[in-house]
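Working notes, structure below.
The values are calculated or read from the model by the stated rules, or taken from the named source; none is laboratory data. Keep in mind it's a predicted model, so treat the numbers as computed, not measured. Here the Cβ is made from the backbone with ideal geometry for all residues, glycine too, and neighbour counts use every protein chain on show. These area figures cover heavy atoms from the full protein model, side chains too; ligands, DNA and RNA do not enter into them. Shrake-Rupley method; radii C 1.70, N 1.55, O 1.52, S 1.80 Å.
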Amino acid sequence: MGKDASEFFSEIEKDDLKQAILNAELDTSGEIRLHVENNCPGDVLDRAAYIFDKLGMKNTAQRNGVLIYLSINHRKFAIIGDSGINAKVPEDFWNSIKDDMLVKFRNSEFSRGLIDAITQTGVQLKKFFPHQSDDVDELSNDISFGKN
Ligand code: CA
Ligand code: CA
């Protein structure tokens with residue numbers, strides 16, 4: 001039995017991550033979620049898409065949910081957006097965010113890398129999905145921790 005994924009971050013880091021999501025969503029109607037788990041033996045994009053679905057992340061009015069996925073043990077990560085985002089943004093939309101995450105993860109700066117990715121996602125999404133005055137928090141800002 002390995003360590004539970006939820007123990008990977010300190011309580012302060014978890015609060016900071018949740019706060020980063022809340023702050024990012026003040027700029028955009030897009031909904032950002034973070035899923036962290038130990039293992040991802042297969043294809044990381046397939047796994048992220050599965051988690052996206054499992055977390056009910058398609059349940060947004062504008063189909064503008066974004067999942068940031070991290071597998072701790074396999075050192076794999078992904079960032080995927082729903083169809084509403086893919087229809088509007090250029091194909092390389094996530095590249096700079098991914099590059100930046102990779103650099104930080106290589107230095108084992110996991111919470112820093114994730115917080116910056118969340119912040120940048122908010123900044124980028126704002127251009128296509130600005131925050132609305134009648135905004136609803138459609139998807140929980142809590143970190144989702146996997147059991148596998
Ligand atoms: Ca919202
Ligand atoms: Ca939210």
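What do you reckon, is D142 closer than 20 Å to D16 by Cβ, open to solvent by 50 Å² or more (accessible area, probe 1.4 Å), modelled with pLDDT of 95 or more and within 16 Å of ligand 1 (Cβ to nearest atom)? Yes, satisfied.
Let's see how each residue does on (1) surrounded by 13 or more Cβ atoms within 10 Å (Cβ to Cβ); (2) within 19 Å of D16 (Cα to Cα); (3) within 16 Å of ligand 1 (Cβ to nearest atom); (4) of a type in the set (S, T, Y):
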{"site": "Q62", "(1), (2), (3), (4)": "yes, no, yes, no"}
{"site": "D82", "(1), (2), (3), (4)": "yes, no, yes, no"}
{"site": "R112", "(1), (2), (3), (4)": "yes, yes, no, no"}
{"site": "D116", "(1), (2), (3), (4)": "yes, yes, no, no"}
{"site": "Q120", "(1), (2), (3), (4)": "yes, yes, no, no"}
{"site": "F128", "(1), (2), (3), (4)": "yes, no, yes, no"}
{"site": "H131", "(1), (2), (3), (4)": "yes, no, yes, no"}
{"site": "D137", "(1), (2), (3), (4)": "no, yes, yes, no"}
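Among the strands (runs of 3 or more DSSP E) confined to the range 1-85, the ones with at least 1 residues that are touching a His at 6+ places or on another chain (Cβ under 7 Å) and within 13 Å of ligand 2 (Cβ to nearest atom) are located at 65-71. Determine if the range 93-103 includes at least one residue that is open to solvent by 80 Å² or more (accessible area, probe 1.4 Å), more than 27 Å from S6 (Cβ to Cβ), part of a loop (DSSP other than H, G, I, E, B) and modelled with pLDDT under 95. No.
Restricting attention to the range 107-148, the residues being of a type outside the set (S, T, Y) and assigned to a loop (DSSP other than H, G, I, E, B) number 17. Could you tell me whether the range 54-68 includes any residue that is modelled with pLDDT under 95 and more than 20 Å from D27 (Cβ to Cβ)? There is no residue in the range 54-68 that is modelled with pLDDT under 95 and more than 20 Å from D27 (Cβ to Cβ). Filtered by the rule that a residue be open to solvent by 80 Å² or more (accessible area, probe 1.4 Å) and farther than 12 Å from I72 by Cα, the range 35-51 gives D43, L45, D46, Y50. Contact annotation: residue pairs with Cβ atoms under 6 Å, 6 or more positions apart or on different chains, pairing a residue in the range 135-148 that is closer than 18 Å to I68 by Cβ and hydrophobic (A, V, I, L, M, F, W, C) with a partner that is away from ligand 1 (no atom under 16 Å from the Cβ) and open to solvent by less than 30 Å² (accessible area, probe 1.4 Å), are I143/L17; F145/A5; F145/V36.
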